[in-house]
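Peer 1: Just dropping this structure here.
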Amino acid sequence: RSDAILARFQSEVDSQGADHLIDRLYEGFAVDSTPQSVRDALARRRRAVDPGFLVPLLYDMVRWDIALSARTLARIDIPVMVMQSTLLDATGKRVAIREGESTPWTRSVRQHLPGARIVTIGGIGHFPMMEASGRTNELIRGFVESLAPVCHHPHDGDRKSTRLNSSHANISYA
């Protein structure tokens with residue numbers, strides 16, 4: 001499967017150039033509901049992308065997804081939260097996911113990391129941190145706070161409690 005995907009990418013690069021492939025990928029990050037301001041930000045980022053860097057990276061990502069993702073997921077032994085906001089439909093078009101919808105990626109995560117927290121953010125494009133920053137930050141904050149709301153600093157003889165200060169995303173000592 002990865003060979004077919006890589007061959008398709010290589011054929012597109014050979015026939016239309018790396019810039020065309022990258023343009024198509026960046027255009028595909030948006031969904032129908034993606035605000036123009038996000039589309040504009042993506043266009044600015046796209047102009048800064050070096051095709052000589054991105055095309056080999058893209059090939060490596062496809063190879064990793066196919067060959068190594070399951071093995072790598074199975075070795076993770078820390079709490080994990082996965083956020084997904086889009087998927088590719090049967091035609092290869094990126095579409096917004098529906099809340100609670102499962103995808104091949106989330107099913108693989110669930111299979112290899114049964115304790116993972118899987119969150120879907122529906123109705124937005126590929127960049128939840130840009131399209132739904134408040135909701136994204138809220139989800140991340142909740143996950144981090146669930147990990148260790150109160151613990152003890154191992155080097156503190158007074159056993160002062162350590163509490164996550166979520167408004168600053170750092171650790172503070174009480």
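The values are calculated or read from the model by the stated rules, or taken from the named source; none is laboratory data. Every value quoted in this text rests on a predicted model; they were computed, and no experiment measured them. Backbone-built Cβ (ideal geometry, glycine too); neighbour counts: all protein chains shown. Keep in mind that these areas ignore ligands, DNA and RNA; they rest on the heavy atoms of the full protein, side chains included. Shrake-Rupley method; radii C 1.70, N 1.55, O 1.52, S 1.80 Å.
Peer 1: Taking the range 128-139 only, how many residues are open to solvent by less than 50 Å² (accessible area, probe 1.4 Å) and either in a loop (DSSP other than H, G, I, E, B) or farther than 21 Å from A41 by Cα (or both)?
Peer 2: Total satisfying the criteria: 2.
Peer 1: Still on this model: Filtering the range 92-122 down to residues that are closer than 21 Å to Y26 by Cβ and touching a helix residue (DSSP H, G or I) at 6+ places or on another chain (Cβ under 7 Å), which residue is least open to solvent (accessible area, probe 1.4 Å)?
Peer 2: The residue in question is I121.
Peer 1: Enumerate the helices (runs of 4 or more DSSP H) found wholly within the range 1-91, keeping only those where 1 or more residues are surrounded by 13 or more Cβ atoms within 10 Å (Cβ to Cβ) and of a type in the set (F, W, Y).
Peer 2: Details: elements: 2-16, 18-28, 36-47, 51-67, 69-75.
So the answer is 2-16, 18-28, 51-67.
Peer 1: Turning to a different aspect of this structure: Report, ordered by the first and then the second residue, all pairs with beta carbons closer than 8 Å, sequence separation of six or more or different chains, a first member in the range 59-85 that is closer than 18 Å to P104 by Cβ, and a second member that is among the charged types (D, E, K, R) and part of a helix (DSSP H, G or I).
Peer 2: S85/E131
Peer 1: Answer yes if at least one residue in the range 102-124 is of a type outside the set (S, T, N, Q), free of Cβ contacts under 8 Å to residues at least 60 places away in the same chain and under 25 Å from A43 (Cα atoms), and no otherwise. Break it down into steps so the answer makes sense when it comes.
Peer 2: Just the residues of the range 102-124 that are of a type outside the set (S, T, N, Q), to begin with: 104-105, 107, 109-110, 112-119, 121-124.
Those left that are additionally free of Cβ contacts under 8 Å to residues at least 60 places away in the same chain: 104-105, 107, 109-110, 112-119, 121-122.
Now restrict to residues that are under 25 Å from A43 (Cα atoms): 121-122.
Yes, the range 102-124 contains at least one residue that is of a type outside the set (S, T, N, Q), free of Cβ contacts under 8 Å to residues at least 60 places away in the same chain and under 25 Å from A43 (Cα atoms).
Peer 1: Quick test of your reading of the structure: G125 fulfils all but one of (1) in a loop (DSSP other than H, G, I, E, B); (2) open to solvent by 40 Å² or more (accessible area, probe 1.4 Å); (3) at pLDDT 90 or above. Name the failing condition by number.
Peer 2: Of the numbered conditions (1) in a loop (DSSP other than H, G, I, E, B); (2) open to solvent by 40 Å² or more (accessible area, probe 1.4 Å); (3) at pLDDT 90 or above, the odd one out for G125 is (2).
Peer 1: A further question follows. So G142 passes all but one of these: (1) of a type outside the set (V, I, T); (2) without any contact (Cβ under 8 Å) to a residue 12 or more places away in the chain; (3) open to solvent by 50 Å² or more (accessible area, probe 1.4 Å). Which condition number does it fail?
Peer 2: Unmet for G142, out of (1) of a type outside the set (V, I, T); (2) without any contact (Cβ under 8 Å) to a residue 12 or more places away in the chain; (3) open to solvent by 50 Å² or more (accessible area, probe 1.4 Å): (3).
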